[in-house]
Amino acid sequence: MTTREGRPSSPKSHRGSAKSVAEELGSRRFLFVTGKGGVGKTTISGALALALASHGKRVLVAMCNAKERLSAILGTRPIGHDVVEVAPNVFAVNILPERALEEYGGMVIGSERVAKLVFDNKFVKAFFRAVPGLFEWSMLGKAWFHTTEKRADGKWNYDVVLLDAPATGHGLDMLRVPKVILDVVPPGVLRRDADAAWVMFRDPKQSGVVVVTLPEEMPATETIELINAIRGELQLPVLQTVVNGVLPALFTPNERIELLRDPALLEIDAPLTSSGTSTSALVAGARRAIRERVQAESLDRLHRTIDLPMVHLPFLFDEASTVEGTRMLAKHLG
């Protein structure tokens, strides 16, 4: 959302109540966080987990066989396939599909030892790799299974399971898997679990999708397409759009127009040729102005096209990909 002068408003929720993002989402048991690659999904997942924890929730962040970055932005040791606590009331796991299949097999067979013998067989491994969607379900299914776990006192082990899902295309494929299982798999344990997960995923009171994007042309386009696919094809609830990396506007729309009148200021060698001269300030200003123009147009398009609660998070300069930066974003969300 922009102000009347065309400047991005301060980071806050839009088109919703006065509740924070964490308060709006905290009543759900399972949240997917997805979006185009490079928009900061993992950073937002970490920040959202901290924000939810600040509201008293026990949160599990589940990653899908990811090149693990969460530990760096939370300041912890590397996160593997076993669940570890990474902050007060925040837990994390990096799900490895073959390990997840082995664990699932152990539950079905009733013996972890027998399951390990079966799943360590190279022919069995080759077969599983060839079954479309099986690895995706092993990760998604494990993340969902954590919503069913209870502690000795009968309370849920995790109030919220937050899935740091794969980027756009792969993320959609993963979301499709339970429905595919219900369409093609005969009755049995696999179909039973997929049905239970699918019921949860389709219930907006229990679950939903959080889409992360950037205020840029291509991410905005992919975000609109992704939301339409999730709502249309899969009929899953999309709860929130998070626009990451919003720059504070230095110029008004009229000032941007004036700075962009001279195309020479935007030529590729302009910073070099203007170095050490008074023109260098104009070159820098023109580059900032065009970035602000793209940002303003992208934000306007997102708000006109997507009828969803939307929050703007600030662009982080020195704090990007740091523990302090993640905590700053968590405060905006919480």
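Structural remarks
- With 18 Å as the limit, the listed pairs LYS41/LYS67; LYS150/LYS205; LYS41/LYS205; LYS19/LYS205; LYS142/LYS179 have LYS150/LYS205; LYS41/LYS205 beyond it between alpha carbons.
- Working from label points 7 Å from Cα in the Cα-to-Cβ sense, the SER275 to PHE315 distance is 2.2 nm.
- Order of PHE91, PHE145 - criterion: other Cβ atoms within 10 Å of each residue's Cβ, fewest first: PHE145, PHE91
- Angle between the chain longest axis and helix 134-145 axis [Cα atoms, degrees, rounded to 10]: 90
- Between 0 and 90°, nearest 10: helix 168-184 axis offset from the chain longest Cα axis: 30
- Comparing Cα centroids, the range 259-313 and the range 183-253 end up 29 angstrom apart.
- Helix axis angle, 217-232 relative to the chain longest principal axis, alpha carbon, degrees: 40
- Distance (nanometres) between label positions extended 7 Å along Cα→Cβ at ASN254 and VAL180: 5.6
- Anisotropy class of the chain from Cα gyration tensor, a/c 1.5 cut: prolate
- Those trypsin sites (Lys or Arg not before Pro) in the range 136-204 that DSSP places in a loop and that have at most 10 other beta carbons within 10 Å: ARG151, LYS155
- Considering only the chain, percent of DSSP beta bridges that pair antiparallel, nearest 5: 20
- Selected from PRO215, ALA143, GLY171, residue furthest toward positive end of dipole (the range 140-228; charges at beta carbon): ALA143
Each reported figure results from applying straightforward, stated rules to the coordinates on display, with no laboratory input. This is a predicted model, so every value here is computed, not measured. Reconstructed Cβ throughout: ideal geometry from the backbone, glycine too, with neighbour counts over all protein chains shown.
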